[in-house]
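Laboratory data are not the source of any read-out in this text; all were calculated from the coordinates shown. All of these numbers come straight from a predicted model, not from anything done at the bench. Ideal geometry is used to build each Cβ from the backbone, glycine not excepted, and the neighbour counts take in all protein chains shown.
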Ligand code: MG
């Protein structure tokens with residue numbers, strides 16, 4: 001069973017929800033339009049890895065992109081969670097990667113098909129350890145970054161989210177219901193680009209947590 005680590009302890013993972021197009025500059029860099037409601041897709045739990053496992057790229061893609069994102073871990077589920085109650089349902093915050101086979105995704109978009117093949121391969125959902133939510137004063141004031149081989153490729157701040165963490169929790173709980181153990185990727189800022197075998201990735205979430213990943217053949 002898939003699990004994450006929160007404050008040094010293992011917890012099981014239920015669903016993996018992801019939000020797309022949640023930062024304007026990233027929406028623009030891919031030539032997409034800003035959505036009126038959060039764009040939601042899912043990943044299988046078999047896609048999840050932590051720092052103890054390497055990233056492996058699927059053989060059917062030549063263009064796997066990193067998307068560095070704030071990741072939420074839900075501690076208390078619910079339906080129709082009000083925005084003002086939303087943060088109390090979050091047990092932990094982490095930093096992660098929504099890896100995306102961009103070439104495959106482009107083909108799927110043209111055909112009007114789901115994104116699963118582009119977003120759901122093993123290691124496509126990389127997460128750090130999670131820090132307890134009690135250590136985060138304001139989830140809309142978190143800076144984060146991704147460096148690849150020592151060069152910063154993505155730098156973001158959650159204050160630039162189009163849909164806030166509370167809105168995302170409200171939306172997902174209303175349409176789908178949230179469960180204890182759900183993991184939520186909250187969208188990437190600009191700077192997405194291609195990964196290659198041998199790349200060393202370093203992700204930092206504010207002054208809270210950092211994590212390294214390596215891309216292996
Ligand atoms: Mg993403």
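Looking across the range 179-217, the residues that are within 16 Å of the ligand (Cβ to nearest atom) and under 13 Å from residue 93 (Cα atoms) come down to 183, 184, 185, 186, 205. Here residue 114 meets the list (1) part of a strand (DSSP E or B); (2) within 16 Å of the ligand (Cβ to nearest atom) almost entirely, failing just condition (1). Is it true that some residue in the range 167-178 is within 14 Å of the ligand (Cβ to nearest atom), under 16 Å from the mean Cα position of the chain (by Cα) and not in a helix (DSSP H, G or I)? No, that holds for no residue.
Under 28 Å from residue 31 (Cβ atoms), in contact with a helix residue (DSSP H, G or I) (Cβ under 8 Å, 6 or more places away or on another chain) and away from the ligand (no atom under 16 Å from the Cβ), is that true of residue 93? Lay out the reasoning, then the answer.
Numbers: under 28 Å from residue 31 (Cβ atoms): no; in contact with a helix residue (DSSP H, G or I) (Cβ under 8 Å, 6 or more places away or on another chain): yes; away from the ligand (no atom under 16 Å from the Cβ): yes.
Here the answer is no, as residue 93 does not meet what is asked.
Taking the conditions exactly as written (surrounded by fewer than 22 Cβ atoms within 10 Å (Cβ to Cβ), in a strand (DSSP E or B) and touching a residue at least 60 places away in the same chain (Cβ under 8 Å)), does residue 131 satisfy them or not? Judged against the criteria, residue 131 is a match.
Residues that are in contact with a helix residue (DSSP H, G or I) (Cβ under 7 Å, 6 or more places away or on another chain) and either within 25 Å of residue 210 (Cα to Cα) or more than 16 Å from the ligand (Cβ to nearest atom) (or both) number at least 1 in the following strands (runs of 3 or more DSSP E) confined to the range 1-86: 16-20, 39-43, 68-74.
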